[in-house]
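The values are calculated or read from the model by the stated rules, or taken from the named source; none is laboratory data. Note that the structure is a prediction, hence the values are computed from the model and not measured. As a convention, Cβ positions derive from the backbone with ideal geometry for all residues, glycine included, and neighbour counts pool all protein chains shown. With ligands, DNA and RNA removed, areas are computed over all heavy atoms of the protein, side chains included. Shrake-Rupley method; radii C 1.70, N 1.55, O 1.52, S 1.80 Å.
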Amino acid sequence: MEKVRVELNERSYEILIGKEILSTVGERLLRFSIGRKVGVISNPKISELYGQKVLDSLKKEGFDPYLIVIPDGEAYKDFFWAYHILTRLLELNFDRKASLVALGGGVIGDITGFVASIYMRGIPYIQIPTTLLAQVDSSVGGKTAVNHPLGKNMIGTFWQPSLVWIDVETLDSLEEREFISGVAEVIKYGVIWDKEFFEFLNLNRERLLKKDKEILINIIKRSCEIKAEIVSKDERESFLRSILNYGHTVGHAIETLTGYSTYLHGEAISIGMVSEAKLSHFLGFLTKESFKRIKDSIKSFGLPVDIPAIIEPEALLRTIMIDKKNIEGRIRVVIPEEIGKMKINFEVKEADLKKAFFEI
Ligand code: NAD
Ligand code: GLY
């Protein structure tokens, strides 16, 4: 098993990455000072695939696990379903020693973390991410969230998990499109932090797309190392952590304007990364060659790179204005200065965004 540590003083934790490790998670949990009651939060699809393995592993080690299932989809990452989970925990007499397990993708991870952070003022939880996106990004770093009708991820907390348990075998059942969407976040790490990793991904494209386990473990580990380093330096996103939002200014706006139904998260982020690289080139930072390299690389993994024609420039700019990163009406972006190096919270004018995205 590969190990990555997120250093956060008394809230430090480990990310373990391996093959066929789902059935041993119970054993690992014995190391924690938690009670016997464990709530395993999942959705019907994932619990059908992997729920029993996790429940059996917990039971074998003397835990008392309860499966709590919510419907599958981003639409259910909301207050209502968080409230439903909280109600079940109360009905089951979960106390402050009880813990939660998030078994699923980013949706399950985010809502479980959110519930864990507010149930009885906070109980421990562990992440068992089952999508590539969740394994390389959302399960690490302690951002929890539910959506509000007025904005995605607008309600949430910082609440670090006690453990992240990654079994790459779970990716075998993941739909191709979901898998490739997760690759977008992996490419992001190359662009924001590690040029060598960016090149490695391009060199190993075929093996990665074939879900070669050795490559998967390698790239998940490197992605987690990068995220762990960034989160350890800036847990609350006062500065450095915002580089993880590369591609998200435009990406989130595209998701909002297309009603979260046209693009998967990683696909929208891919368009965002290319657009924001283009903006950097327009502003005179990123060279044309590096911009092309980012665009071609993202495209070569089968990810979209262009802002769809149905999106009106005015609507995109208006939506960008309500991004969480903006402060007092000023638009702030994170853009690559070169591959592996970012400009953080760079203030841009609306007119420049319009020109860079739609007029050159
Ligand atoms: P998801 O959780 O909706 O999972 C995608 C689909 O794959 C779902 O239908 C799910 O049931 C299915 N699935 C999951 N694992 C599977 C498996 N092993 N086999 C077969 N099917 C499987 O989506 P996601 O892309 O994992 O996560 C997106 C969410 O993550 C968004 O809500 C986003 O806001 C959030 N997110 C959070 C952070 C963070 O730092 N907290 C970072 C990035 C994204
Ligand atoms: N996914 C962005 C972050 O964790 O900060």
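Hand me the list of helices (runs of 4 or more DSSP H) wholly inside region 1-105 holding 3 or more residues that are among the hydrophobic types (A, V, I, L, M, F, W, C) and within 22 Å of GLN160 (Cα to Cα).
It comes to 79-91.
What number of residues within region 276-302 satisfy the criterion of being open to solvent by 10 Å² or more (accessible area, probe 1.4 Å) and either more than 14 Å from PHE357 (Cβ to Cβ) or β-branched (Val, Ile, Thr) (or both)?
12
Would you point out the residue of region 313-342, among those that are open to solvent by 50 Å² or more (accessible area, probe 1.4 Å) and outside any loop (DSSP other than H, G, I, E, B), that is modelled with the lowest pLDDT?
Looking at residues that are open to solvent by 50 Å² or more (accessible area, probe 1.4 Å) and outside any loop (DSSP other than H, G, I, E, B), I get ILE327.
Does GLU214 satisfy the condition of being open to solvent by 10 Å² or more (accessible area, probe 1.4 Å), outside any loop (DSSP other than H, G, I, E, B) and out of contact with any Gly (no Cβ under 9 Å at 6 or more places or on another chain)?
For GLU214, the condition - open to solvent by 10 Å² or more (accessible area, probe 1.4 Å), outside any loop (DSSP other than H, G, I, E, B) and out of contact with any Gly (no Cβ under 9 Å at 6 or more places or on another chain) - is met.
Do you know which residues across region 136-145 are under 15 Å from LEU100 (Cβ atoms) and more than 8 Å from the chain's Cα centre (by Cα)?
Matches in region 136-145: GLY142, THR144.
Is one or more of the residues making up region 65-85 out of contact with any strand residue (DSSP E or B) (no Cβ under 9 Å at 6 or more places or on another chain) and within 16 Å of ligand 2 (Cβ to nearest atom)?
Within region 65-85, not a single residue is out of contact with any strand residue (DSSP E or B) (no Cβ under 9 Å at 6 or more places or on another chain) and within 16 Å of ligand 2 (Cβ to nearest atom).
So which residues in region 227-258 are outside any loop (DSSP other than H, G, I, E, B), within 13 Å of ligand 1 (Cβ to nearest atom), of a type outside the set (Ser, Thr, Tyr) and open to solvent by 40 Å² or more (accessible area, probe 1.4 Å)?
Once the filter is applied, which keeps residues that are outside any loop (DSSP other than H, G, I, E, B), within 13 Å of ligand 1 (Cβ to nearest atom), of a type outside the set (Ser, Thr, Tyr) and open to solvent by 40 Å² or more (accessible area, probe 1.4 Å), region 227-258 yields only HIS252.
Just one of TYR50, TYR13 is among the aromatic types (Phe, Trp, Tyr) and either in contact with a helix residue (DSSP H, G or I) (Cβ under 9 Å, 6 or more places away or on another chain) or open to solvent by 70 Å² or more (accessible area, probe 1.4 Å) (or both); which is it?
On inspection, the qualifying residue turns out to be TYR50.
What are the pairs with Cβ atoms under 6 angstrom where one residue, in region 113-134, is at positive phi and the other, located anywhere, is of a type in the set (Lys, Arg) and assigned to a loop (DSSP other than H, G, I, E, B)? Sequence gap at least six, or different chains.
MET120/ARG96
Could we say that LEU58 is out of contact with any Pro (no Cβ under 9 Å at 6 or more places or on another chain), under 20 Å from GLY26 (Cα atoms) and not acidic (Asp, Glu) here? If you could, list the steps in order and put the result at the bottom.
On the way: out of contact with any Pro (no Cβ under 9 Å at 6 or more places or on another chain): no; under 20 Å from GLY26 (Cα atoms): yes; not acidic (Asp, Glu): yes.
For LEU58, the condition - out of contact with any Pro (no Cβ under 9 Å at 6 or more places or on another chain), under 20 Å from GLY26 (Cα atoms) and not acidic (Asp, Glu) - is not met.
Which ones in region 62-85 are farther than 26 Å from TYR260 by Cα and surrounded by 15 or more Cβ atoms within 10 Å (Cβ to Cβ)?
Matches in region 62-85: PHE63, PRO65, TYR66, LEU67.
Might you check whether a residue that is at pLDDT 95 or above, within 19 Å of the chain's Cα centre (by Cα) and either of a type in the set (Gly, Ala, Ser) or assigned to a helix (DSSP H, G or I) (or both) occurs anywhere in region 199-208?
The answer is yes; a qualifying residue exists.
Which is farther than 25 Å from SER290 by Cβ and not hydroxyl-bearing (Ser, Thr, Tyr), of LYS188, LYS195, LYS213, LYS227?
LYS213
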